[in-house]
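Everything on this sheet refers to the single structure shown next.
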Amino acid sequence: MRILVLEDDHKVATFIQRGLEEEGYAVDVLHDGLQAGVQTQSIDYDAAVLDLMPPAPSGLQVLRDIRAKKRELPVVVLSARDSLEDRVAGLDAGADDYMAKPFALAELSARLRALLRRGRPHENVLRVADLELDIVRRIVSRGGRRIDLRAKEYALLEFLMRHGGRPVARSQIIEHVWNIHFNSSSNVVEVHINALRKKVDRGFGVPLIRTVRGVGYMLSEGVR
């Protein structure tokens, strides 16, 4: 999952970025509203966290611009402005949630997970064949056997499972599992796919992670 964070306070932005990256998210941090406005229109983000007071344009204007073109993008406003009027203004501008500073990173992460499940109220567990991924508890198992994954392995598997039965290009994986500063010439995708195969497929009768020649990868029951 790829998250945009618009936050003009560099220390707060770094705190959010590190915390979300530890959970496997790809995080792009921006510090001014103009750049955020341009980038949200050119990159397919899964969610956004917006401060209301970056350099012009304001977070509210960025939010309005997002809503004009990307109505379904989950957005959390994170602001030191905590009056009733500010909260109402943020929600009326199109925010899905509004959190006041200071905040707990665990709560921000939980609210993001809730928004990412929006529209899928019963999709707390992703399934492909006998492979299961519990989004809420962040637990992966196959055939009832728990599988321990590193943060990026988990993020990669979740992305593949959300596209279960459909091939995803390497470029899509890079865009959603890694961030804008990622070196696209690296073989890190292949390294993580191989690591997942060892954990998800090895020892089971049917391999699920398939290579689609000329395209990328997919999760599907069948032979590679």
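The values are calculated or read from the model by the stated rules, or taken from the named source; none is laboratory data. If you're wondering where the values come from, they're calculated on a predicted model, not measured in any experiment. As a convention, Cβ positions derive from the backbone with ideal geometry for all residues, glycine included, and neighbour counts pool all protein chains shown.
Looking only at segment 1-47, count how many residues are more than 11 Å from the chain's Cα centre (by Cα) and of a type outside the set (A, V, I, L, M, F, W, C).
Selection size over segment 1-47: 19.
Would you check if there is a residue in segment 160-183 being modelled with pLDDT of 95 or more, under 30 Å from residue 12 (Cα atoms) and under 15 Å from the mean Cα position of the chain (by Cα)?
Scanning segment 160-183, I find no residue that is modelled with pLDDT of 95 or more, under 30 Å from residue 12 (Cα atoms) and under 15 Å from the mean Cα position of the chain (by Cα), so the answer is no.
Can you pull out the strands (runs of 3 or more DSSP E) entirely within segment 132-224 that have at least 2 residues that are among the basic types (Lys, Arg)?
Because the criterion is at least 2 residues that are among the basic types (Lys, Arg), the strands (runs of 3 or more DSSP E) in segment 132-224 that meet it are 145-147.
Of the residues 82, 97, only one is acidic (Asp, Glu), buried (at least 17 other Cβ atoms within 10 Å of the Cβ), closer than 22 Å to residue 9 by Cα and assigned by TED's automatic domain parsing to the domain that holds residue 21; which?
That would be 97, the only listed residue that is acidic (Asp, Glu), buried (at least 17 other Cβ atoms within 10 Å of the Cβ), closer than 22 Å to residue 9 by Cα and assigned by TED's automatic domain parsing to the domain that holds residue 21.
Mind telling me which of the residues 216, 164, 143 ends up being in contact (Cβ under 8 Å) with a residue 24 or more places away in the chain and in contact with an Asp or Glu (Cβ under 6 Å, 6 or more places away or on another chain)?
Going through 216, 164, 143 in turn, the sole match is 143.
Take segment 18-74 and flag every residue that is in contact with a Pro (Cβ under 9 Å, 6 or more places away or on another chain), among the acidic types (Asp, Glu) and within 27 Å of residue 139 (Cα to Cα).
46
From (1) modelled with pLDDT of 90 or more; (2) over 16 Å from the mean Cα position of the chain (by Cα); (3) surrounded by 12 or more Cβ atoms within 10 Å (Cβ to Cβ); (4) more than 14 Å from residue 24 (Cα to Cα), pick out the condition that doesn't hold for residue 111.
(2)
Are there any pairs with C-beta distances below 7 angstrom linking a residue in segment 6-30 that is within 17 Å of residue 154 (Cα to Cα) and at pLDDT 95 or above to a residue that is surrounded by 20 or more Cβ atoms within 10 Å (Cβ to Cβ) and not small (Gly, Ala, Ser), with the two at least 6 apart or on different chains, and if so which?
none
To keep it simple, each residue is scored yes or no on (1) modelled with pLDDT under 90; (2) surrounded by fewer than 18 Cβ atoms within 10 Å (Cβ to Cβ).
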{"site": "64", "(1), (2)": "no, yes"}
{"site": "123", "(1), (2)": "yes, yes"}
{"site": "128", "(1), (2)": "no, no"}
{"site": "142", "(1), (2)": "no, no"}
{"site": "150", "(1), (2)": "no, yes"}
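Just checking, does segment 199-216 include any residue being modelled with pLDDT under 95 and under 25 Å from residue 28 (Cα atoms)?
Checking segment 199-216: at least one residue is modelled with pLDDT under 95 and under 25 Å from residue 28 (Cα atoms).
Based on what the data block shows, is residue 87 loosely packed, with under 14 Cβ neighbours inside 10 Å and either over 30 Å from residue 200 (Cβ atoms) or touching a residue at least 24 places away in the same chain (Cβ under 8 Å) (or both)?
It is false that residue 87 is loosely packed, with under 14 Cβ neighbours inside 10 Å and either over 30 Å from residue 200 (Cβ atoms) or touching a residue at least 24 places away in the same chain (Cβ under 8 Å) (or both).
Sort out which residues of segment 2-29 are crowded, with 20+ Cβ neighbours inside 10 Å and assigned to a loop (DSSP other than H, G, I, E, B), and write them in order of number.
7, 24, 25, listed by residue number.
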